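Before any comments, here is the structure.
Read the figures in this text as sums done on the coordinates, not as results from a lab. The structure presented is a predicted model; accordingly, all values stated were derived computationally and were not measured. As a convention, Cβ positions derive from the backbone with ideal geometry for all residues, glycine included, and neighbour counts pool all protein chains shown.
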Amino acid sequence: MNILVIGSGGREHSLTWKIAQSPLIEKLYVAPGNGGMGDIAICVALNSSNHDEVVEFCREKNIEFVVIGPEAPLVDGLGDRLKDENIAAFGPTANAAILEGSKGFTKDLCAKYNIPTAAYGRFSEAEPAKRFVAQQGAPIVIKADGLAAGKGVIMAETLEQANDAIDDIFGGQFGEAGAELVVEEMLFGEEASFFVLTDGENILPFGTAQDHKRVGEGDTGPNTGGMGAYSPAPVMDAAMIERTINEIIIPTVKGMAAEGRPFQGVLFAGLMITNKGPELIEYNVRFGDPECQTLMMRLKSDIVPALMACSIGNVHEVETDWSDDTALNVVMAANGYPGSYDKNTEINNLDQAGAAENVVIFHAGTKKENDSILAIGGRVLNITALSATVKQAKEDAYTAINKINWPGGFFRRDIGWRAIDRGD
Ligand code: AMP
Ligand code: GLY
């Protein structure tokens, strides 16, 4: 079968790497791909926001299955269009992708179906939002309603910061994504990510992970898309997974179906493990990046039947086999990220760095020019190791990263610290 993957990040590199190992594959395409994918797939310069162009390509190349990596094309309805054209696709339709596209929608769903989450209010004007903030007190969380590339969440320590955030959002800082906002109680505990494949009715748990969102060591400084991750998440033991499935995942899948918005694809629950148990922080409607890279390293069985079952049905009957080892991923980013950063700096010695059998280097913002690899994005490389413990995986990932010669980039040296402090 011929498959097309949409996307260009480390997440899509790892999905493509895993799909390429499937015996079901004849031709594997990726649009647009990046500088690291040329050996495992055919990179094509398609514009995924032009749905006609994607459909035409699928017809021309006989594509039987499209795997949509990022959230933007999903929220934008690429999944719907492919469905209308009878081309099977992995990823929800737009009316289900609203779980990520509107934080207010998700909060209302939680309220209606009794899903544990932070107390909240939804607002489309500043004055009532400020009155609510004054009643609740600080610390408090202010969120732009729509997609804001992970930057639309302000953790306000004081009422003044909260009021400023409200003014910034309604002042247009996040464009259309800030036409509405959500004010939320601040939750305390340990964060974890839980992934579940669903066909709209049945579920297949698909792993746990934890990521490091802040740019600086000790989890300090501004938020990023994620500077590293590891899987499994030690805090998600069997009992916590069962509670999360029963209290959060199943009510969501049933609730979405009851609302006429059946969700097919991967539900990525961002959780806070509080002293009361798991609470939902947010849903994403695609795999996490860099969490996906760690999941793909641990998955031993063929991923293609599992992804396809989300649109076919009976996803719970697909057998999956996972390594019990830990995969840990360290992100290398361009100097300046998450602010403005340099482009077109050269990266050397990747082959030697990735030579160990348990290490894979997934690319993100890179391009290949002649035989050189150039950095062209903020997050650029994902050095991922699979080893018996978090500590060993960390050591192996950093041994590899230290061999990379890239003066234009930086990385955090403490990925996995929380799990290692716990003794995992
Ligand atoms: P989100 O985009 O909603 O996942 O938020 C980004 C990050 O902000 C989360 O990963 C948390 O670290 C933090 N966050 C969001 N909402 C809350 C909350 N209600 N309480 C504590 N932390 C939060
Ligand atoms: N690493 C967090 C995310 O993909 O949203």
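With R₀ set to 35 Å, the beta-carbon distance separating Arg131 from Asn246 gives a calculated FRET efficiency near 0.45. Distance from the alpha carbon centroid of the stretch 86-145 to that of the stretch 266-295 works out to 15 angstrom. Every pair of different Cα atoms in the stretch 341-424 enters the Kirkwood calculation, which places the hydrodynamic radius at 13.6 Å.
Hull volume per residue, based on the alpha-carbon atoms of the stretch 215-359 and their convex hull, is 180 Å³.
Rounded to two decimals, the Cα radius of gyration of the stretch 204-252 over 2.2 N^0.38 Å is 1.41.
Qualifying trypsin sites (Lys or Arg not before Pro) in the stretch 313-404, where qualification requires a DSSP coil assignment and no more than 15 other C-beta atoms within 10 Å, comprise Lys343.
Restricting the GluC sites (Glu not before Pro) of the stretch 122-227 to loop positions (DSSP other than H, G, I, E, B) with no more than 12 neighbouring Cβ atoms within 10 Å leaves Glu125, Glu157.
Quick one: go through the stretch 315-335 and flag any residue whose amide nitrogen is under 20 Å from the point 7 Å out along the Cα-to-Cβ line of Gln352. Residues passing the 20 Å test: 332.
With the contact rule set at Cα under 8 Å and sequence spacing of 6 or more, what percent relative contact order holds for the stretch 237-381? With pairs under 8 Å counted, the relative contact order is 16 percent.
Helical content of the chain, expressed as a calculated mean residue ellipticity at 222 nm, amounts to -8500 deg cm²/dmol (DSSP H runs of 4 or more residues, -39,500 (n - 2.57) each, divided by residue number, nearest 500). Once you order the gyration tensor axes a ≥ b ≥ c over the Cα atoms, which shape class does the stretch 7-75 get: rounded for a/c under 1.5, otherwise prolate or oblate by comparing a/b with b/c? The shape class here is oblate. In the chain, the DSSP beta bridges split such that about 80 percent are antiparallel, to the nearest 5.
Can you tell me how the chain classifies by the Cα gyration tensor, rounded, prolate or oblate, using a/c under 1.5 as the rounded cut? Rounded is the answer for the chain, as its axis ratio a/c remains below 1.5. Once both labels are positioned 7 Å from their Cα atoms along Cα-to-Cβ, the gap between Glu395 and Lys254 label points is 4.7 nm.
Extension gain for the segment His316 to Asn405, taken as residue separation times 0.36 nm less the Cα-Cα distance, is 27.6 nm to one decimal.
The Cα center of the stretch 324-362 and the Cα center of the stretch 1-79 differ in position by 22 Å.
Residues in the stretch 27-38 carry Karplus couplings, in order, of 10, 10, 10, 9, 10, x, x, 8, x, x, 9, x Hz; the curve used is 6.51 cos²θ - 1.76 cosθ + 1.60 with θ = phi - 60°, and Gly or Pro positions show x. In terms of overall dimensions, the C-alpha atoms belonging to the stretch 278-424 reach 48, 37, 34 Å along their principal axes, ordered largest to smallest.
Remark: the stretch 309-382 projects, on average over all directions, an area of 8.1 nm² (convex hull of Cα atoms).
Among the helices of the chain, none built from whole DSSP H runs has Cα atoms reaching 30 Å or more along its own axis together with a mean Kyte-Doolittle hydropathy of at least 0.5.
Measuring against 18 Å, Cα to Cα, the residue pairs Lys151/Lys276; Lys18/Lys300; Lys367/Lys403; Lys343/Lys368; Lys107/Lys143 contain Lys151/Lys276; Lys367/Lys403 as the ones spanning a longer distance.
What shape does the stretch 174-279 have by the C-alpha gyration tensor, where a ≥ b ≥ c are the square roots of the eigenvalues, rounded means a/c under 1.5, and otherwise prolate means a/b greater than b/c and oblate the rest? Oblate, because a/c is 1.5 or more while a/b does not exceed b/c. Among the GluC sites (Glu not before Pro) within the stretch 325-379, those in coil by DSSP and having at most 13 neighbouring Cβ atoms inside 10 Å are Glu357.
Kindly state, to the nearest 0.05, the FRET efficiency for Asp219 paired with Lys151, given R0 = 30 Å and r defined as their beta-carbon distance. Efficiency at R0 = 30 Å is approximately 0.95.
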